[in-house]
1. In the set Val182, Val188, Val214, Val178, which member is under 20 Å from Lys276 (Cβ atoms) and free of Cβ contacts under 8 Å to residues at least 60 places away in the same chain?
2. Take Phe72 and tell me if it is more than 19 Å from Gly137 (Cβ to Cβ), within 20 Å of the chain's Cα centre (by Cα) and in a helix (DSSP H, G or I).
3. Given the condition in contact (Cβ under 8 Å) with a residue 24 or more places away in the chain, surrounded by 15 or more Cβ atoms within 10 Å (Cβ to Cβ) and small (Gly, Ala, Ser), answer yes or no: does some residue in segment 223-236 qualify?
4. Got a sec? Which of Val150, Val135, Val99 is within 16 Å of the ligand (Cβ to nearest atom) and not hydroxyl-bearing (Ser, Thr, Tyr)?
5. Within segment 166-197, can you find the residues that are buried (at least 20 other Cβ atoms within 10 Å of the Cβ) and among the aliphatic types (A, V, I, L, M)?
6. What are the residues in segment 118-133 that are over 15 Å from Glu102 (Cα atoms) and either in contact with a Cys (Cβ under 8 Å, 6 or more places away or on another chain) or part of a loop (DSSP other than H, G, I, E, B) (or both), if any?
7. Does any residue in segment 131-159 that is surrounded by fewer than 23 Cβ atoms within 10 Å (Cβ to Cβ) come within less than 6 Å, Cβ to Cβ, of a residue that is assigned to a loop (DSSP other than H, G, I, E, B) and of a type in the set (A, V, I, L, M) six or more places away or on a different chain, and which pairs are these?
8. Name the single residue, out of those in segment 12-38 being of a type in the set (Gly, Ala, Ser) and buried (at least 21 other Cβ atoms within 10 Å of the Cβ), that is nearest to Tyr76 (Cα to Cα).
Amino acid sequence: MMIKKIGVVGAGTMGHGIAEVSAIAGFRVSIVDISWDFLNRAKDKIIDSLNKLYEKKQISEKPEEIMNRIEFSVSYETMKDADFVIEAVPEIIELKKKVFEELDNITPSHAILASNTSSIPISTIAEATKRKDKVIGMHFFNPPPIMKLVEIVPSKYTSDETISMTLDLAKKMNKIPVRLKVEVPGFVSNRIFLRLMQEACREVESKEATIEEVDSCARYKLKLPMGIFELSDYVGLDVAVDLWKVIISSGTAEDVKCTLYQKKVEMKELGVKSGKGFYTYP
Ligand code: CAA
């Protein structure tokens with residue numbers, strides 16, 4: 001099976017970034033969301049990002065030519081001829097199941113259905129379809145045009161062919177795929193991220209160090225591109241708390257009692273997207 005057209009469901013930060021990366025790689029792309037407001041915002045962000053990449057000579061094709069390959073729509077009808085679909089809707093299990101059910105009905109029978117979920121088990125999502133062997137996790141990182149890593153997460157149902165097509169696709173997108181051997185909550189990277197958040201949180205809550213001091217250690221000793229609290233703000237503190245809960249409730253990691261993150265979410269201080277989290281954003 002040759003992939004010619006990629007469908008993306010959800011035009012949020014991850015969805016529009018994934019659509020952009022797919023179009024840069026030469027695929028025809030159709031991105032679907034529930035409102036033209038979301039789609040128009042996504043379009044502007046893709047154009048901004050493509051312009052930046054073009055100015056820096058990180059892409060050679062003109063942004064308008066790449067944009068010509070992206071179709072925006074509020075209807076799943078545009079998924080009728082998609083060969084590979086990547087879902088990037090909010091992390092709500094019932095919503096994901098509904099999207100996959102719909103995609104299963106509308107896409108051609110050969111199409112692979114991937115989820116960008118960072119925590120929901122792929123086997124649960126696959127069970128919403130009649131093509132469990134063609135459902136897989138393809139977990140991108142924010143911002144998708146810049147971040148090289150993609151976690152490839154097969155479930156117990158995923159076929160070898162689906163895995164190899166997805167690995168190939170990630171390479172065509174110029175990404176570095178890491179294939180998980182077993183389906184584990186939080187996959188690999190978010191389990192590491194959880195440990196970093198837990199220790200950072202514990203140190204601040206027990207007054208061993210300030211938020212800024214912990215972040216300085218992460219940047220200047222661990223050489224991370226962002227401090228741990230800074231990265232949490234960037235990811236979204238609601239997303240970070242959800243990740244934390246999903247991994248802990250699965251019983252596969254120990255909890256660290258720390259309320260700093262939870263309190264921020266209760267105060268609706270969600271990080272960059274709300275203008276305030278551990279830091280303030282203009
Ligand atoms: N498109 C194109 N260019 C972009 C871009 C985008 N979407 N986002 C950033 N850039 C460019 C900027 O324009 C900038 O270019 P110049 O250097 O020419 O000005 C360059 O990238 C660097 O950006 P900034 O100067 O704004 O800041 P920075 O040096 O800190 O880089 C960053 C930004 C790339 C985000 C970097 O801080 C970084 O790598 N941070 C870590 C991000 C990370 O870990 N992401 C994963 C989060 S976890 C997740 O997503 C998954 C999950 O499951 C929760």
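Every number here is computed from the coordinates shown, using simple stated rules; none is lab data. Small disclaimer: the values here were computed from a predicted structure and weren't measured. A quick note on method: Cβ atoms are made from the backbone with ideal geometry, for glycine too, and the neighbour counts reach across all protein chains shown.
1. Residue meeting the stated conditions: Val214.
2. no
3. Yes, that holds for at least one residue.
4. Exactly one residue qualifies, and that residue is Val150.
5. Leu169, Ala170, Met173, Leu194, Met197 - these are the residues of segment 166-197 that are buried (at least 20 other Cβ atoms within 10 Å of the Cβ) and among the aliphatic types (A, V, I, L, M).
6. Result: Ser118, Ser119, Ile120, Pro121.
7. Pairs that qualify, where the first residue is surrounded by fewer than 23 Cβ atoms within 10 Å (Cβ to Cβ) and the partner is assigned to a loop (DSSP other than H, G, I, E, B) and of a type in the set (A, V, I, L, M), are Phe141/Met147.
8. This residue is Ser30.
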